[in-house]
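Notes follow the structure.
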Amino acid sequence: MKNIIGLTGPTGSGKSSFCTVAENKGITVIDCDKISREVTQKGSECLNRLTLAFGEDILADGSLDRKLLAEKAFSSPDKKQLLEDIIFPFILCTVMEKIEKTENDTVILDAPTLFESGIDEMCGCVVAILCHPEIREKRIIERDNLSREQAKIRMNAGKPDDFYKQRADFILNSDKPKEEYLKDCEILIDKLKEGKDYV
């Protein structure tokens with residue numbers, strides 16, 4: 001039986017750095033953001049359903065215009081829920097396939113919407129990465145080439161820190177010197193790799 005660890009947290013919190021440390025230790029990381037790109041490729045069933053729900057204008061030469069879809073989906077809680085209802089089943093199916101294929105005993109599922117998608121039910125424990133909003137905003141703007149207004153819309157569409165604190169087994173905070181944060185990641189990953197003393 002595989003040791004499956006869920007990794008979540010708001011956008012821009014520092015999950016990628018945690019994953020890099022884990023991969024350097026030989027742990028398989030399944031990136032659910034990448035999977036969301038796979039399942040919405042040109043001509044896919046998932047993309048067809050998104051087009052029906054959000055309009056033909058989310059397509060650019062048959063491919064998904066992710067920035068436009070994000071603007072539409074994050075404009076209201078109902079539209080965000082609609083996006084999740086369409087895409088989550090496709091992501092979950094692909095995640096399960098990838099878990100079955102990996103030969104590693106320990107797998108990290110990097111999923112910003114881990115709890116919302118129900119993927120947390122597959123995990124032995126969950127780690128949430130949190131960070132001060134101002135730092136997250138700066139990271140998002142630089143990472144995704146967004147305006148400050150676009151970054152705020154994306155952040156406001158996410159869950160508050162308390163949502164993660166109430167649900168995760170472990171909390172790491174990344175608004176500290178990078179070397180210190182990476183050391184925290186390393187210590188926790190070593191513990192999780194043992195697959196014991198989760199809670």
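Comparing Phe115, Phe74, Phe163 in a Gaussian network model of the chain, where Cα atoms under 10 Å apart are tied by springs, the biggest mean-square fluctuation is seen for Phe163. Against the main long axis of the alpha-carbon atoms of the chain, helix 45-54 sits at an angle near 60°.
The long axis of helix 77-101 is offset from the longest Cα principal axis of the chain by roughly 50 degrees.
As a fraction of the 1.4 Å probe accessible area of region 50-98, surface on carbon and sulfur atoms comes out at 59 percent.
Over 31 Å between Cα atoms: which of Lys72/Lys138; Lys42/Lys178; Lys72/Lys183; Lys79/Lys178; Lys2/Lys183; Lys159/Lys183 fall into that group?
Values: Lys72/Lys138 22 Å; Lys42/Lys178 38 Å; Lys72/Lys183 39 Å; Lys79/Lys178 36 Å; Lys2/Lys183 25 Å; Lys159/Lys183 26 Å.
Beyond 31 Å: Lys42/Lys178; Lys72/Lys183; Lys79/Lys178.
Using Cα-Cα distances under 8 Å and only pairs 6 or more residues apart, what relative contact order does region 1-155 have, in percent? Before the final figure, lay out the partial values.
Numbers: 191 pairs, mean separation 72.5, N = 155.
Dividing the mean separation by the residue count of region 1-155 yields 47 percent.
Straight-line cross-link partners of Lys176 among the aspartates and glutamates, defined as a Cα under 20 Å from its Cα and at least 8 positions apart when in the same chain: Glu134, Glu137, Glu142, Asp161, Asp162, Asp184, Glu186. Computed over region 52-127, the P(r) tail beyond 17 angstrom holds 55 percent of alpha carbon pairs.
For region 70-183, what is the accessible area per residue in Å² when the probe is 1.4 Å?
On the way: 6540 Å² over 114 residues.
Normalised by residue count, the accessible surface of region 70-183 is 57 Å².
The fraction of Cα-Cα pairs per 5 angstrom bin, counted from 0 for the chain, comes to 1, 7, 15, 18, 20, 17, 12, 7, 2, 0, 0 percent, rounded to whole percents.
Using helices alone, what [θ] at 222 nm do you get for the chain, with -39,500 (n - 2.57) per DSSP H run of 4 or more residues, divided over all residues and rounded to the nearest 500? Working shown, then result.
Numbers: 10 runs with 110 residues, N = 199.
Helices in the chain give a 222 nm mean residue ellipticity of -16500 deg cm²/dmol.
Note on region 103-199: the alpha carbon radius of gyration divided by the globular reference 2.2 N^0.38 Å gives 1.19.
The values are calculated or read from the model by the stated rules, or taken from the named source; none is laboratory data. The structure displayed is predicted, hence computed values, not measured ones. Note: areas computed on protein heavy atoms with side chains; ligands, DNA, RNA excluded. Shrake-Rupley method; radii C 1.70, N 1.55, O 1.52, S 1.80 Å.
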